[in-house]
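Nothing in this text is a laboratory measurement; each read-out follows from the coordinates by a stated rule. Just so we're clear, the structure is a prediction, and the values are computed from it rather than from any experiment. Note that we place each Cβ from the backbone using ideal geometry, even for glycine, and neighbour counts take in every protein chain shown.
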Amino acid sequence: MSRIDYLVTGAAGQLGRVVMAAAKQRGRTALGVDVAEMPLDQRAAIAKVIAEAAPRFVLHCGAITNVDGCEQDALAAYRINGLATAWVAEAAATAGAGLLYVSTDFVFDGSTAGVPYPVDATPKPLSVYGASKRLGEEAVLAHRRTDFYVVRTSWVFGPGGKNFPRAILDRAKSGQPLKVVTDQIGRPTMTHDLAEALLDVVDAKPAGGIYHAANEGQCSWHQFAVDILREAGLGHIVVGTQSADELKRPAARPTWSVLDTSKLAKVRGKTMPHYVEALRRHLPLDAAAQVLQSQTGQQSQTGAPPPATDSPLRGKQY
Ligand SMILES: NC(=O)c1ccc[n+]([C@@H]2O[C@H](COP(=O)([O-])OP(=O)(O)OC[C@H]3O[C@@H](n4cnc5c(N)ncnc54)[C@H](OP(=O)(O)O)[C@@H]3O)[C@@H](O)[C@H]2O)c1
């Protein structure tokens with residue numbers, strides 16, 4: 001039986017859609033699965049889908065990403081982001097497949113302020129979401145396989161669906177006042193650049209373990225909003241400032257989560273593009289996706305259906 005190249009979980013999500021498109025562009029065979037095809041709360045379904053697909057690599061992008069929602073339903077967060085990742089790892093190992101698990105800068109607490117987090121920094125999550133993703137990391141790393149990877153990324157944005165640049169532009173265009181957090185610093189990362197980096201990792205097959213993938217540059221959410229408006233030709237709109245404490249969100253987020261991406265850059269022989277350059281590519285693509293969405297009610301990129309919203313915990317949040 002010939003093996004497919006990749007099985008992509010979370011294939012209807014912001015990143016998974018783009019990973020699917022990038023894989024196809026590279027001429028690879030990829031099967032995308034999401035809640036309908038491989039519900040992550042079901043160990044037997046995970047084992048069956050991975051055994052039957054027999055992929056060379058599982059690219060595990062599926063997760064509960066509603067950071068504040070995770071505080072309200074910790075059990076679901078730990079089950080889907082933590083335990084299910086253990087089940088995915090177990091099934092991948094049984095099928096003789098490699099595994100790449102996408103994780104997050106929210107495994108860190110921000111205490112290294114000013115110094116980018118190297119891959120071997122000690123995780124200390126502040127939120128249930130961060131802790132649940134760390135649980136997933138531990139489950140993957142416990143296999144000690146040379147073809148099992150944890151790739152942490154941060155502040156992901158990309159065309160189609162809900163994304164931070166669009167949220168800022170929509171608010172600005174509505175004439176409502178804008179206030180954005182100044183005391184969280186990180187690295188915005190575009191799905192397209194991240195997808196290429198993930199596929200490069202599985203192609204290059206470096207030593208197993210942890211890698212950090214993020215666009216170059218660093219900023220606060222406030223600075224990112226200023227960048228978005230400037231690049232969209234709305235630089236005259238003033239972005240008010242706010243502290244994370246004032247915003248009073250249920251989940252604590254690190255004030256500093258800049259990832260040191262040098263290990264990945266060595267593998268690829270290059271760094272990822274600067275986030276402002278990525279933003280310049282994102283804006284026209286997202287505008288086109290928005291037009292397509294309004295015309296067809298569909299997501300762009302892969303024609304994948306819009307995400308289901310049957311659970312208050314599911315669905316994107318930053
Ligand atoms: N977004 C960020 O800023 C960010 C930052 C760092 C790391 N990451 C990581 O990057 C990866 C991709 O994130 P993303 O931004 O693409 O998130 P996303 O758009 O929310 O995609 C995640 C996908 O997983 C699906 N999913 C949720 N619960 C599931 C379940 N029980 N069974 C099967 N599938 C389920 C979601 O479906 P529904 O939408 O229908 O719930 C969605 O399609 C995740 O591992 C995330 O932790 C994201």
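Extension gain, ARG144-THR29: 0.36 nm per intervening residue step, less the Cα-Cα distance, totals 38.7 nm.
Size of the dipole of the chain about the Cα centre, Lys and Arg at +1 and Asp and Glu at -1 on the beta carbon, nothing else charged, in debye to 20? The partial results should precede the final answer.
On the way: 34 positive and 30 negative charges, 84 e Å.
Roughly 400 debye, rounded to the nearest 20.
Across the stretch 23-31, rounded Karplus estimates of 3J(HN,Hα) from the backbone phi angles (6.51 cos²θ - 1.76 cosθ + 1.60, θ = phi - 60°) give 4, 5, 4, 7, x, 8, 8, 9, 10 Hz, Gly and Pro being marked x.
Net charge dipole, the stretch 28-69: roughly 260 debye, given to the nearest 20, about the Cα centre with Cβ charges of +1 for Lys and Arg and -1 for Asp and Glu.
Neighbours of ASP286 by Cβ distance under 12 Å: Lys/Arg scored +1, Asp/Glu scored -1, total +2. Net length available on complete extension from ASP203 to ASP120 is 27.6 nm, with 0.36 nm assigned per residue and the Cα-Cα distance removed. From least to most packed, judged by other beta carbons within 10 angstrom and beginning with the fewest, ARG187, ARG26, ARG166 follow the order ARG26, ARG166, ARG187. In the chain, helices alone account for a calculated mean residue ellipticity at 222 nm of -12000 deg cm²/dmol, with every DSSP H run of four or more residues adding -39,500 (n - 2.57). Between the listed residues MET190, THR85, GLN42, the Cα displaced farthest toward the positive end of the dipole of the chain, a dipole computed from Cβ unit charges relative to the Cα centre, is found at MET190.
Where the only charges are on Cβ atoms (+1 Lys, Arg; -1 Asp, Glu), what is the dipole of the stretch 150-306 about its Cα centre, to the nearest 20 debye? Please list the in-between numbers first.
Numbers: 18 positive and 14 negative charges, 33 e Å.
In total the dipole reaches around 160 debye.
Comparing GLY62, GLY235, GLY32 in a Gaussian network model of the chain, where Cα atoms under 10 Å apart are tied by springs, the biggest mean-square fluctuation is seen for GLY235.
Quick one: among LYS263, LYS124, LYS248, which has the greatest mean-square fluctuation in a GNM of the chain with alpha-carbon springs under 10 angstrom? Of the options given, LYS248 has the highest mean-square fluctuation.
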